[in-house]
Amino acid sequence: MVSVINTVDTSHEDMIHDAQMDYYGTRLATCSSDRSVKIFDVRNGGQILIADLRGHEGPVWQVAWAHPMYGNILASCSYDRKVIIWKEENSTWEKTYEYTGHDSSVNSVCWAPQDYGLILACGSSDGAISLLSYTGDGQWDVKKISNAHTIGCNAVSWAPAVIPGSLIEQPSSQKPNYVKRFASGGCDNLIKIWKEEDGQWKEEQKLEAHSDWVRDVAWAPSIGLPTSTIASCSQDGRVFIWMCDDASGNSWSPKLLHKFNDVVWHVSWSITANILAVSGGDNKVTLWKESVDGQWACISDVNKGQGAVSAITEGQQNEQ
């Protein structure tokens, strides 16, 4: 059974598009069509407004926390074509960098695993994906993948910095050779996997299963098991779980988690990667878990708007 443990009244004046907890689960960042980003202290069930960040000139679609080893850093992206990186210095949040290299709405931002340094991937409606890397002294290096998705990119998600199979293979003394990868989803109905080679980003895989815009992709966390997993959701109402068992990363197979009756906006993994949260146009969040036989079952049904929670039995699932 799932229960609602806290409700935060954000006082946003328009629709909230994203809400993200920080690494420690003590702060909540939210963003809205009212053009603002807000940060709340949510310790012990409280909700104290720490910051109300104004800098965007359009709806703010997404926020992302950097790893705390780099300090308290938050990225936001907006319809105004801008990405803003905010940093807390001496208990005050300030804009530390503004990226204006896209020609259209920036829809998604995602920080790379901390092992790679401070790197932010940004997906835009102009079809391009930008990678912003912090080089020190307040400077950011920009790489751009033009025409990553025709008509537009809606989502980006990094692969974990864990080599598949490393948990069960013999450890070697040399430092592992990490290959940077991330997934993107676009208006071309495709999920693409990108890999860095010699400092350049190359398209490694194209995953086809959706019949409409891909709204979100989420690469699952890993402890080093041989299988890599990605969740995707779409305007077509479907959620797929993509699995890759070979170390080369060439062979991905999709499994339909569920077909919903409305657009599915977001998918998000639990930190242990055994539960997937799905939110959609029906104003519900559902939680899904893989059973021993490899089937995905709904273990909860949280009605977002009402804060009501009900468990779904096997029989009810088919009606969803």
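With the highest mean first, a sort of the peptides 280-291, 11-22, 145-156 on other beta-carbon atoms found within 10 angstrom per residue produces 145-156, 280-291, 11-22.
Ranked by solvent-accessible area (1.4 Å probe, protein heavy atoms only, all chains present), the residues Arg43, Arg238 order from largest to smallest as Arg43, Arg238.
When the listed pairs Lys259/Lys284; Lys82/Lys143; Lys202/Lys255 are checked against a 24 Å cut-off, the alpha-carbon distance exceeds it for Lys202/Lys255. Distance between the 7 Å Cα→Cβ label points at Tyr116 and Ile50: 2.5 nm. Calculated mean residue ellipticity, 222 nm, the chain: 0 deg cm²/dmol, from DSSP H runs (n ≥ 4) at -39500 (n - 2.57) each, averaged per residue and rounded to 500.
The values are calculated or read from the model by the stated rules, or taken from the named source; none is laboratory data. If you're wondering where the values come from, they're calculated on a predicted model, not measured in any experiment. Note that we place each Cβ from the backbone using ideal geometry, even for glycine, and neighbour counts take in every protein chain shown. Only protein heavy atoms, including side chains, enter the accessible area calculation; ligands, DNA and RNA are left aside. Shrake-Rupley method; radii C 1.70, N 1.55, O 1.52, S 1.80 Å.
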